[in-house]
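Heads up: the structure comes next, in structure tokens.
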Amino acid sequence: MSILIIVSLLVPVIYLGYLLSRLDKFLEKGGFVMEKDETYPIAIVLGESSLAKQMTELLEKNKISVWPLKEPFLIEQEKRFQYIFALSESDADNIVLCKIGKKLFNVEQIISFCNESRNENMFINEKIRYLAGEDITAQMLYQVVLKETGVQ
């Protein structure tokens, strides 16, 4: 029984490691930097959670266009965006999207939600800004990302 528990805990970690190593190899071959379009700010919101829906509503209320994503690999190269909110229920997807956003699109205003406290070290090791806990709100995430850039 304990072997089954150990295996079930190791599989997601191994899968995330595989994804990150593949992403690192891809990014080593080069990436591209998108010019920022300050006229029409765009934010990516990953996930279908209630937190992601609240974030989408908050951003749109503050006149920031939202490009919702269900999968981190669905980013289109021709899109220009300034903000990433990785709010899916999968920490692996959140980490992958943040890495893609940083390295491939040169986005600096990024935040993620950490669903499982046992995964916090992965966010720390990848230098991804994140918030964790049951009491995290869209307003808190908004404050962290947009207030430090001077957007009201």
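Cα gyration tensor of segment 102-152, axes a ≥ b ≥ c as square roots of the eigenvalues: rounded (a/c below 1.5), prolate (a/b > b/c) or oblate? In terms of gyration-tensor shape, oblate. Compared with the dominant Cα axis of the chain, that is its longest principal axis, helix 50-61 is turned about 10°.
Measuring against 28 Å, Cα to Cα, the residue pairs Lys25/Lys61; Lys25/Lys70; Lys53/Lys127 contain Lys25/Lys61 as the ones spanning a longer distance. If the segment from Arg22 to Ser49 were pulled out straight at 0.36 nm per residue, it would be longer than the present Cα-Cα gap by 7.0 nm. An ellipsoid equivalent to the chain, defined through the eigenvalues of its Cα gyration tensor, has semi-axes of 27, 19, 12 Å when rounded to whole angstrom and sorted largest first. Pro72 sits among other residues whose Cβ lies under 11 Å from its own Cβ, and their net charge, with Lys and Arg +1 and Asp and Glu -1, is 0.
Backbone N atoms of segment 101-115 closer than 16 Å to the 7 Å Cα→Cβ label point of Arg129 belong to residues 101-103, 106-114. Helical runs (DSSP H, four residues minimum) scored at -39500 (n - 2.57) apiece and divided by the length of the chain put the mean residue ellipticity at 222 nm at -14000 deg cm²/dmol.
Every number here is computed from the coordinates shown, using simple stated rules; none is lab data. Because the structure is predicted, anything quoted here is derived from the model rather than measured. Counting neighbours? That spans all protein chains shown, and the Cβs are built from the backbone with ideal geometry, glycine included.
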